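Please treat every number below as a calculation from the coordinates, not as lab data. Quick caveat, the model's predicted, so the values are computed rather than measured.
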């Protein structure tokens, strides 16, 4: 399938769709998880995602070095779940917006050149109200730019809503 970008709301079915499509891929599947279990609820989410994956799949927990993780995928398919938490991790580590965008450009480039089918998941956070605090506005704006960057590099991009997906066309 190539390099596929999946975006949508929280719990919209993005991860389940990527898992389903990866099951049809020949070769090994590498699941690149960016989440860190900071609390009980997040730990439960991580466990739920782990239980959705076949035991034969290889899981790499990569909160920061996404480009290197993608370089390590030789064939088959890879699922990156998700850019939303990856951008948050970079911001919490003190990265500037420019550093986040540079790392994103590097990782998206690796994904677009990969021999593996790469499924990249991110939340669409820009459809709600403008956040009341500066950090939340910075995050929402930065993630929007990151999502646009990844979608522009992808061979296909989809919006996932309520378990259904819509193909997003490139601007003509």
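General remarks:
- Annotation: extensible slack from residue 61 through residue 43 equals 5.2 nm (criterion: 0.36 nm per residue apart, minus Cα-Cα distance).
- Scattering curve values for the chain, log₁₀ I(q)/I(0), Debye with Cα scatterers, q = 0.09, 0.16, 0.19 Å⁻¹: -0.27, -0.93, -1.37
- One quarter of the surface of the convex hull around the alpha-carbon atoms of the stretch 8-75 equals 5.1 nm², the direction-averaged projected area.
- Spatial separation of Cα centroids for the stretch 113-172 and the stretch 12-33, in angstrom: 18 Å
- Overall Cα dimensions of the stretch 43-85, principal axis frame, Å, largest first: 28, 24, 12
- Net length available on complete extension from residue 16 to residue 129 is 38.0 nm, with 0.36 nm assigned per residue and the Cα-Cα distance removed.
- Shape index of the stretch 109-172: Rg/Rh, with Rg the Cα radius of gyration and Rh the Kirkwood radius from the inverse mean 1/r over Cα pairs, equals 1.01.
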